[in-house]
1. Please give the charge dipole size of the chain, origin at the Cα centre, charges +1 on K and R Cβ atoms and -1 on D and E Cβ atoms. Round to the nearest 20 debye.
2. Grab the beta carbon distance between residue 43 and residue 11, set R0 = 25 Å, and tell me the FRET efficiency rounded to 0.05.
3. Where does each of 80-88, 92-100 land if you order them by average Cβ count within 10 Å, highest first?
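All of the numbers you see were taken from the coordinates with simple rules; none came from a lab. Note that the structure is a prediction, hence the values are computed from the model and not measured. Methodologically, a virtual Cβ is constructed for each residue, glycine included, from the backbone with ideal geometry; neighbour enumeration extends over all protein chains shown.
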Amino acid sequence: QVQLVQSGGGLVQPGGSLRLSCAASGSIVSVTALGWFRQVAGKQRKLVAIILSGGATNYDDSVKGRFTISRDDAKNTVALQMNSLLPEDTGVYYCYSLERGSVYWGQGTQVTVSS
């Protein structure tokens, strides 16, 4: 079973940057998609960014131009670089993996954007 272990996150002022990283327990070469979701209290988990096996990426409109998702197949990691952070980016961020029809989640990490 795939395990995803997240790192990064924390408290940052508006306009600041954070980097989230997610390490998979096995190779990600055959993974269909990797991504990041955000969840705010009382709301459903929402897709923030996704990267497909071929390298294509897609972002929620609210983060386009500010966030960048990347994957390193050699290190079995996926990262989310978040720049120009806004208070509305606050939430718990979850790493996501889709492999052979199964979905896996990281443990979640809190990101708080506040002055």
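1. Result for the chain is approximately 80 debye, rounded to the nearest 20.
2. Given R0 = 25 Å and the Cβ-Cβ separation, E is 0.75.
3. Sorting 80-88, 92-100 by mean packing, highest first, produces 92-100, 80-88.
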